[in-house]
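Here the structure comes first, spelled out in structure tokens, and everything after it is commentary.
Any read-out appearing in this document is the output of simple, stated calculations on the displayed coordinates, not a laboratory observation. Just so you know, these numbers come straight off a predicted model, no measurement behind them. So basically every Cβ, Gly included, is an ideal-geometry build from the backbone, and we count neighbours across all protein chains shown.
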């Protein structure tokens, strides 16, 4: 691991509980108490920007992001899915995929914004197993 990778939390740690992975990326459950289906799609190697990836890597990474979105929509029927790729705090390519519900703790504000009177969405008991199966069906 080079110095840059050694300083990067997403190179050293999984960034959540891994739900699915391949050689390019991993999908993790962020374990956010306010947004329990919040996932990250994290590049397996260190890169700061999407344009650091070659064309085929970009296409494959977005295929994974869209598979996460599609699985969340199918299993949870959210009001909206938020997709975000910032990297200001952790300059390592990763995407946030966050299903939003009208009664969630921040709706309609961003999940990092002001709280509202909402409550966390309760996930079905078998949600993560079904989510993994959906991803495997789409991506494996």
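Pairing the Cα long axis of helix 55-76 with the longest principal axis of the chain, what angle in degrees results, from 0 to 90 and rounded to the nearest 10?
Compared with the principal axis, the helix lies near 20 degrees.
Under 1.5 on a/c is rounded, so check that first for the range 32-76, then, if it is not, pick prolate when a/b is larger than b/c and oblate when it is not; a ≥ b ≥ c are the square roots of the alpha carbon gyration tensor eigenvalues. Write down the numbers at each step before the final one.
Details: a/c = 4.00, a/b = 1.73, b/c = 2.32.
The shape class here is oblate.
Starting with the fewest neighbours, write out 139, 10, 103 ranked by other beta-carbon atoms found within 10 Å of each beta-carbon.
So the residues, fewest neighbours to most, are 103, 139, 10.
Using only Cα atoms and rounding to the nearest 10 degrees, what angle (0 to 90) does helix 127-139 make with the longest principal axis of the chain?
The answer is roughly 50 degrees.
Taking every Cα atom in the range 71-115, find the radius of gyration and the maximum pairwise distance Dmax, and write them in Å.
Calculated on Cα positions, Rg and Dmax stand at 11.8, 32 Å.
Percentage of Cα-Cα pair distances in the range 1-72 greater than 21 Å, rounded to whole percent? Numbers along the way, then the final one.
Numbers: 719 of 2556 pairs.
In whole percent, the long-distance tail amounts to 28.
Compute the Kirkwood hydrodynamic radius of the range 23-140, taking the inverse of the mean of 1/r over all pairs of distinct Cα atoms, and give it in Å to one decimal.
When all Cα pairs of the range 23-140 are included, the Kirkwood radius is 14.9 Å.
Find the relative contact order for the range 3-139 and round it to a whole percent, using C-alpha pairs within less than 8 Å whose residues are 6+ positions apart. Display every interim value, and only then the final one.
Details: 230 pairs, mean separation 32.1, N = 137.
Rounded, it is 23 percent for the range 3-139.
Going by average Cβ neighbours within 10 Å, how do the peptides 111-121, 29-39, 91-101 rank, with the highest at the top?
In descending order of packing, they fall as 91-101, 29-39, 111-121.
Working out 0.36 nm times the residue gap between residue 103 and residue 9, then minus their Cα-Cα distance, what length gain in nm do you get to one decimal? Walk me through the numbers on the way to the answer.
Numbers: separation 94, 0.36 × 94 = 33.84 nm, distance 3.21 nm.
Gain on extension, residue 103 to residue 9, equals 30.6 nm.
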